[in-house]
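For reference, the structure discussed in these notes is given below.
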Amino acid sequence: MQLSKKMRTVLVGCGGMSGAWLDAALTLPDVEIVGLVDIVEAAARKRAVDFHLPQAVIGSDFQSVLEQTAPDVVFNCTIPEAHYAITLAALRHGCHVLSEKPLANSLEQGKILVEAAQQANKIFAVIQNRRYDAQIRRMAHFLTTGALGPLTTVNSDFYIGAHFGGFREQMKHVILLDMAIHSFDAARLLTGADPVSVYCQEWNPAGSWYEHDASAIAIFEMSNGLIYTYRGSWCAEGLPTTWECDWRFIGQQGSATWNGAQVIQAQVVAATGTFTSTHQDIEIPAYQAENIGGHAGIIREFFACIQNGTQPETNAADNLKSLAMVFGAIESAESGQKVMLHS
């Protein structure tokens, strides 16, 4: 990628995740980090030292840093409650925005931000970095081959005992709002389907170190008639899954599993006519995907899209469908009722 000028970029929110963003952005020769913002100014100063950015403007007031730096791009790495205000201010200042997930703290706020980006003619995308993993691309490509027959059921399990400390341990709906969106978005990528309805239950297990519900089960009906289920907990000690979930894909002619890392298996029907069919293992071929590399993959794509006038895969307008899954699940958990989804 070679841009006509360096893209002046301000990063807002200098907590733990900002390091991965800066690691990726600083590999791109046409990206210049001109500002670092955090409500705790010392955190921004530390990032400037850690990443050798002595020329970056440091501050705790986002609007002031915007005015001082005149950036082309804003990286929004703030906590979820701040995403809406920071993104809206950046778009109104004429900046392209790449934001941490979730893109907003409600579906209504998300729609307002998408409209603001369209009015400003700027790119607004979300860093759903797990789409940019080589193995999820391999799995998604295999599922498009039809080797399993039409998919009927997809299940994902996420179990990690995560001792974060800080804001997550006080968040309401922490597993759904802060983590499950990765799995929900992955389900859309893997199945090629969008959500229709959801029924969800949340709870906080005995002995939990979280203030609010840290476990959830959700059942989604998807647009092509399949059922997708999610079981997740951030309060589950022992036998952890990967951060990408344990997955099972059931088709009319066979099934596949993926552990979220390197282990992918598939079997299809070889013969029928007995109490259980005979099955045969099949190979899931390697697949060379573009823009892999987690944060680096999506950040490269984001800046390439600025250059060529296209939209990233994780553009906010599309991501509204994943966000609808999150807030639909929360609404169902709060009401105890099945919720119809409309992004």
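A few comments on the model shown:
- Verdict on residue 253 being over 23 Å from residue 100 (Cβ atoms) and free of Cβ contacts under 8 Å to residues at least 60 places away in the same chain: no
- Region 234-249: number of residues that are over 20 Å from the mean Cα position of the chain (by Cα), of a type in the set (A, V, I, L, M, F, W, C) and surrounded by fewer than 18 Cβ atoms within 10 Å (Cβ to Cβ): 1
- Filter result for residue 213 (assigned by TED's automatic domain parsing to the domain that holds residue 146, surrounded by fewer than 21 Cβ atoms within 10 Å (Cβ to Cβ) and either in contact (Cβ under 8 Å) with a residue 60 or more places away in the chain or within 17 Å of residue 325 (Cβ to Cβ) (or both)): no
- Looking across region 261-278, the residues that are farther than 18 Å from residue 143 by Cα, part of a strand (DSSP E or B) and not β-branched (Val, Ile, Thr) come down to 270, 271.
- Of the listed requirements (1) at pLDDT 95 or above; (2) surrounded by fewer than 24 Cβ atoms within 10 Å (Cβ to Cβ); (3) not hydrophobic (A, V, I, L, M, F, W, C), residue 133 misses just one: (1).
- Conditions (1) more than 29 Å from residue 342 (Cα to Cα); (2) touching a helix residue (DSSP H, G or I) at 6+ places or on another chain (Cβ under 9 Å); number of the one not met by residue 192: (1)
- Filtering region 302-343 to residues that are over 17 Å from residue 183 (Cβ atoms) and touching an Asp or Glu at 6+ places or on another chain (Cβ under 6 Å) leaves 312, 339.
- The condition (being surrounded by 15 or more Cβ atoms within 10 Å (Cβ to Cβ), farther than 19 Å from residue 16 by Cα and in contact with a Lys or Arg (Cβ under 8 Å, 6 or more places away or on another chain)) is satisfied by just one residue among 113, 91, 53, 107: 91.
This table checks each residue for (1) in contact (Cβ under 8 Å) with a residue 24 or more places away in the chain; (2) polar (S, T, N, Q); (3) over 26 Å from residue 17 (Cβ atoms).
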site: 269; (1), (2), (3): no, no, yes
site: 275; (1), (2), (3): no, no, yes
site: 288; (1), (2), (3): no, yes, yes
site: 295; (1), (2), (3): yes, no, no
site: 302; (1), (2), (3): yes, no, no
site: 309; (1), (2), (3): no, no, yes
site: 313; (1), (2), (3): yes, no, no
site: 340; (1), (2), (3): yes, no, yes
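- Condition check for residue 304: surrounded by fewer than 19 Cβ atoms within 10 Å (Cβ to Cβ), within 20 Å of residue 129 (Cα to Cα), modelled with pLDDT of 95 or more and not assigned by TED's automatic domain parsing to the domain that holds residue 20: no
- Residue-level analysis places residue 65 among those that are β-branched (Val, Ile, Thr), more than 26 Å from the chain's Cα centre (by Cα), crowded, with 21+ Cβ neighbours inside 10 Å and assigned to a helix (DSSP H, G or I).
- Here the condition is being touching a Cys at 6+ places or on another chain (Cβ under 9 Å) and among the hydrophobic types (A, V, I, L, M, F, W, C); of 339, 326, it holds for 339 alone.
- Cβ-Cβ distances below 7 Å connect the following pairs, each with a first residue in region 187-208 that is free of Cβ contacts under 8 Å to residues at least 24 places away in the same chain, a second residue that is of a type outside the set (Gly, Ala, Ser), and a separation of six or more residues or different chains: 203/213.
- Residue 258 within 30 Å of residue 18 (Cα to Cα), in contact with a Lys or Arg (Cβ under 9 Å, 6 or more places away or on another chain) and in the same structural domain as residue 174 (by TED's automatic domain parsing): yes
- Qualifying residue in region 200-209 (condition: surrounded by 14 or more Cβ atoms within 10 Å (Cβ to Cβ), on the phi < 0 side of the Ramachandran plot and aliphatic (A, V, I, L, M)): no
- Test result for residue 44, modelled with pLDDT of 95 or more, within 12 Å of residue 12 (Cβ to Cβ) and in the same structural domain as residue 94 (by TED's automatic domain parsing): yes
- Residue that is among the small types (Gly, Ala, Ser) and under 19 Å from residue 158 (Cβ atoms), where the choices are 236, 271, 317, 304: 236
The values are calculated or read from the model by the stated rules, or taken from the named source; none is laboratory data. Computed from a predicted model, the values in this text were never measured in an experiment. Virtual Cβ from ideal backbone geometry, glycine too; neighbours counted across all protein chains shown.
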